[in-house]
């Protein structure tokens, strides 16, 4: 029953011929005709302001790069990846500074002591603490826990600097081939004729590109490179090459006979969470610093208009502009599934939900087999048929008025096709016929395709909302007719262990009766 309301069972065709759930799709109101777009059809733009999701500390990109995109005051649990909380406890320390340097055995019981607050980290989910792995408590927060330094960081820094020099030389050689001579330099800076004097004055900014080119050429000409020294020789002179390991330490004698404790060995997920050290034992775990994050906006790849733009305030989770397909296109869900019969029509109930703030006229289209094969790599092995293919009105989401006469007339015409109507949702009946394969074998899964034709009144220049004017006219609205290709996966044809698919109850009373029985 849990898979019946799964959104991944129903997918829509994107403009790039890919299948995505409706919650993963966007739309652009400026593109004509209006098409659905997935994350690969839009341009992603990252905001330059980075912030920590826990302490809300914000920094610019240069400051974040200096700390390796890690927050110094917030940590995640290395065991379960949840947030670590700071707990305080009180310990007694000697008042005298000289006595505090002595060990507890050397201190006499008459040494005066005073309470002091210390802090440690704890995970409220798995109860992991920093005391379990021997990390000492700190007296100040949040700068008490320092970042671990990678022993190979110096080597990585040397390699990075060496490759920067090699990249600069390759770019310089490429520019030398582009500007082989400086003979034409005097063409732009000298001349006794009237035309040359006009060019020399550069009154209208005509020589701006030429001057930039001359500046690049002059900088290249001032640098001397020895062509006899190759890039490999220069790289070896900059950094010491790596040494190969010829011998390894032998394994201990009890390596294969000693019984190992699995609880003391870290998992692959725990090792990959800390790639700088990759601890192999649980005693080597260290709190993981939370990474800085940034907000992301998306643009249409066709017209470069924004389709998703969050607010600049890091505390706010709202959007200035969000053109999500789930707020425009009616969403199709599976309501009931019967016991499938091969090559026979089976009655299935589908629900259609309208989240757009206006009335939507929909109609179902039975796609031909030749059109279905060219839509996507979705292998449809069932045929779906709708008895009523004319337009059906789905009322707006925030409707609190009496049902209009047009809606009543539609209910009378669609009687027997529309099972029920609740606010902005309707349920319709359809016939699904699973077809056998060309090899006369039964299909493993029941999949079908149909077209959903929507007629929506959309504003021409504003966001997709119904904004009624004082006169009540709809002059600024245009009627957009869009046909979406819907791909439905009803699941396996036969369930294992003889289980049967029970139809989903229509009303809450039926659910209560089922639980009582």
Going through the range 278-305 in order, the residues found to be within 30 Å of residue 35 (Cα to Cα) and crowded, with 19+ Cβ neighbours inside 10 Å are 295, 298, 300
Of the conditions (1) part of a strand (DSSP E or B); (2) farther than 18 Å from residue 488 by Cβ; (3) in contact with a helix residue (DSSP H, G or I) (Cβ under 9 Å, 6 or more places away or on another chain), the single one that residue 12 does not satisfy is (2)
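Residue-wise test of (1) assigned to a helix (DSSP H, G or I); (2) modelled with pLDDT under 85.
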residue: 215; (1), (2): yes, yes
residue: 220; (1), (2): yes, yes
residue: 225; (1), (2): no, yes
residue: 228; (1), (2): no, yes
residue: 236; (1), (2): yes, yes
residue: 243; (1), (2): no, yes
residue: 251; (1), (2): no, no
query: Would it be correct to say that residue 271 is under 30 Å from residue 45 (Cβ atoms) and at pLDDT 90 or above?
result: no
Of the residues in the range 135-170, those that are free of Cβ contacts under 8 Å to residues at least 40 places away in the same chain, surrounded by 14 or more Cβ atoms within 10 Å (Cβ to Cβ) and outside any loop (DSSP other than H, G, I, E, B) come to 138
Residue 308 vs (1) assigned by TED's automatic domain parsing to the domain that holds residue 394; (2) part of a strand (DSSP E or B): all pass except (1)
Taking the range 303-314 and keeping residues touching a residue at least 60 places away in the same chain (Cβ under 8 Å) and out of contact with any strand residue (DSSP E or B) (no Cβ under 9 Å at 6 or more places or on another chain) leaves 303
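The values are calculated or read from the model by the stated rules, or taken from the named source; none is laboratory data. All of these numbers come straight from a predicted model, not from anything done at the bench. Quick reminder, even Gly has a Cβ in these numbers, built from the backbone with ideal geometry, and neighbours come from all protein chains shown.
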